[in-house]
Structure formats: C-alpha cells, structure tokens
Amino acid sequence: MSDNMSIPQSTDLFVRSLPFWEHLESEQKHLISIGSTTVDYKKGEKLVDGSDRCVGLLLIKRGELRTYTISEDGRSITLFRLRNGDICIMAAWCLLPPLQFPIYIEADTDVSGILIHAGALGKLIEKNIYAKEFCYETEARRLSDMLWVMQQMIFLSTDQRLARFLLEESKATGSDELHLTHERIATYMGSAREVVSRLMKYFSKEGMVRGSRGRIVLLDKKRLSQIAAQ
C-alpha cells in the first residue's frame with residue numbers, strides 16, 4: 001500500500017460519497033480532509049487480516065475488494081465484494097460494535113481510493129450524530145449481506161447458489177461475459193473447484209453457458225433464473 005500526503009482537494013469525492021458531509025461543521029470537514037490519504041493496494045494485498053488491525057473507512061475509486069472469513073476447516077468463505085464507488089466500512093471495525101468472528105479484507109484487483117484514517121473517523125463519530133448514524137447503518141447493511149451469504153450456504157443447493165452467483169455477477173458487471181475461473185468462483189462461493197467445474201459442465205451441456213479458460217458466457221439467463229429460484 002502507498003500513502004500520499006493528506007488530500008483536502010478531494011472534497012468533491014467526499015460530497016459525492018458521504019451523505020453526512022453537508023451536516024459537518026467546518027472544523028469537522030477539515031478534520032476529515034487532513035485525516036485522509038490516497039491509497040493504492042496491489043492485487044492480493046490484505047487491508048485487514050483477521051487481527052486487531054484497524055485501518056479506517058475506504059472510499060473505493062477503482063478496483064474490487066473481497067471481504068471473507070475462514071472456517072474451522074480452513075475454507076475461505078466470501079462474505080461480500082465491493083467495487084468502484086462503494087465504501088468499505090469493515091476496515092474501521094474497531095470503531096463499531098465488535099464482530100464475533102475474524103474477517104479478512106483483500107484486494108481482488110489493484111485498488112485505489114481515499115482512506116479516512118481510523119483516528120480521524122473516530123473523532124468525527126464522537127462529535128457528529130449524522131456521521132455516526134451513517135457508519136452504523138452501513139455496517140448493518142454489510143452484516144445483512146453476511147447473513148444472506150450464510151443463509152444461502154445453509155438452505156440452498158450448490159446449483160442454485162452457482163446460478164444465482166452467475167446472474168448476480170452479470171448484473172454487477174453489466175455483461176453476460178464473465179472473466180472468472182472455476183477456482184475463483186469456488187473461492188467466492190465457499191465451495192470446491194471440482195464441484196463448480198462439475199456444475200459448469202452440466203450448465204454448458206444444457207446450453208445455459210458457454211465456457212473457456214477464464215471466460216464464461218451466459219446464454220440462457222431465463223433457465224439460470226429458474227434454477228436459482230427452485
């Protein structure tokens with residue numbers, strides 16, 4: 001990760017990304033401006049590694065982050081992913097109600113953004129109710145995302161989960177052509193690569209997808225939706 005100098009010139013990004021910005025007093029805006037830096041993370045770099053490291057609130061300008069936990073048998077379970085324009089609040093977990101299990105946050109691609117450091121964010125939360133409410137509401141949405149993932153793993157079959165994953169990925173990227181390997185899909189789903197490959201072979205045989213190395217094209221989204229809804 002590379003940190004630059006403080007960036008008061010990033011006010012436009014704060015205005016667009018932080019709904020509480022208009023409710024801040026001048027000194028509070030100054031606190032955030034001088035308490036923020038531009039950051040760059042390389043693909044595979046960890047922001048949070050399950051320890052007590054507290055980074056802050058990250059505004060993602062470019063790239064993708066993956067938040068995950070690790071099961072007792074060592075399996076990685078993706079909880080949610082964040083993309084351009086999203087806000088990563090879990091990197092500021094030390095300022096929020098504590099989680100009962102360790103989380104990891106990793107750069108899924110090269111990532112650039114603006115980091116509001118935990119110290120500045122903590123002072124702001126103490127002084128401004130709008131900022132505090134925003135942080136707590138954002139954390140609640142992420143916890144809801146985590147619960148949804150756990151519910152799917154418990155109650156849905158793997159073919160349902162895979163169909164839903166492909167459809168959600170297509171919607172998120174705005175394309176029916178996905179650049180993902182079976183191994184990467186298995187990582188996101190918390191499954192085994194062999195299971196994903198077997199189901200992808202079935203989906204392909206049934207004409208729902210067409211795949212090649214690192215590339216999947218969705219051909220029959222209606223049928224995939226039917227499987228997802230079973």
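Remarks
- Qualifying residue in the stretch 22-31 (condition: in contact with a Ser or Thr (Cβ under 6 Å, 6 or more places away or on another chain) and on the phi < 0 side of the Ramachandran plot): no
- Residues of the stretch 170-207 that are in contact (Cβ under 8 Å) with a residue 40 or more places away in the chain and on the phi < 0 side of the Ramachandran plot: Ser170, Ala172, Asp176, Glu177, Leu178, Thr187, Tyr188, Met189, Leu199, Tyr202, Phe203.
- Inspection of the stretch 196-206 identifies at least one residue that is among the polar types (S, T, N, Q) and open to solvent by 20 Å² or more (accessible area, probe 1.4 Å).
- Entry remark, the stretch 102-139: residues being open to solvent by 60 Å² or more (accessible area, probe 1.4 Å) and either of a type in the set (Lys, Arg) or touching a Lys or Arg at 6+ places or on another chain (Cβ under 7 Å) (or both) number 4 in total.
- Any hit, the stretch 147-163, residues being surrounded by 14 or more Cβ atoms within 10 Å (Cβ to Cβ), within 13 Å of the chain's Cα centre (by Cα), closer than 18 Å to Tyr188 by Cα and at pLDDT below 90: yes
- Residues in the stretch 209-227 that are hydrophobic (A, V, I, L, M, F, W, C) and closer than 15 Å to Glu169 by Cα: Val209, Ile216, Val217, Leu218, Leu219, Leu224.
- When the stretch 35-67 is filtered for residues that are open to solvent by 30 Å² or more (accessible area, probe 1.4 Å), on the phi < 0 side of the Ramachandran plot and among the small types (Gly, Ala, Ser), only Ser51 remains.
- Restricting attention to the stretch 184-194 and to residues that are closer than 17 Å to Leu79 by Cα and part of a helix (DSSP H, G or I), the residue that is most open to solvent (accessible area, probe 1.4 Å) turns out to be Arg184.
- Residues that are in contact (Cβ under 8 Å) with a residue 40 or more places away in the chain and part of a loop (DSSP other than H, G, I, E, B) within the stretch 26-62 comprise Gly35, Lys42, Lys43, Gly44, Glu45, Gly50, Ser51, Asp52, Cys54, Val55, listed in sequence order.
- Checked against (1) open to solvent by 10 Å² or more (accessible area, probe 1.4 Å); (2) in contact with a helix residue (DSSP H, G or I) (Cβ under 8 Å, 6 or more places away or on another chain); (3) not hydroxyl-bearing (Ser, Thr, Tyr), Asp73 passes all but a single condition, namely (2).
The values are calculated or read from the model by the stated rules, or taken from the named source; none is laboratory data. Quick caveat, the model's predicted, so the values are computed rather than measured. Note: ideal-geometry Cβ built from the backbone for every residue, glycine included; neighbour counts use all protein chains shown. To get the accessible areas, we keep the full protein, side chains included, count just its heavy atoms, and leave off ligands, DNA and RNA. Shrake-Rupley method; radii C 1.70, N 1.55, O 1.52, S 1.80 Å.
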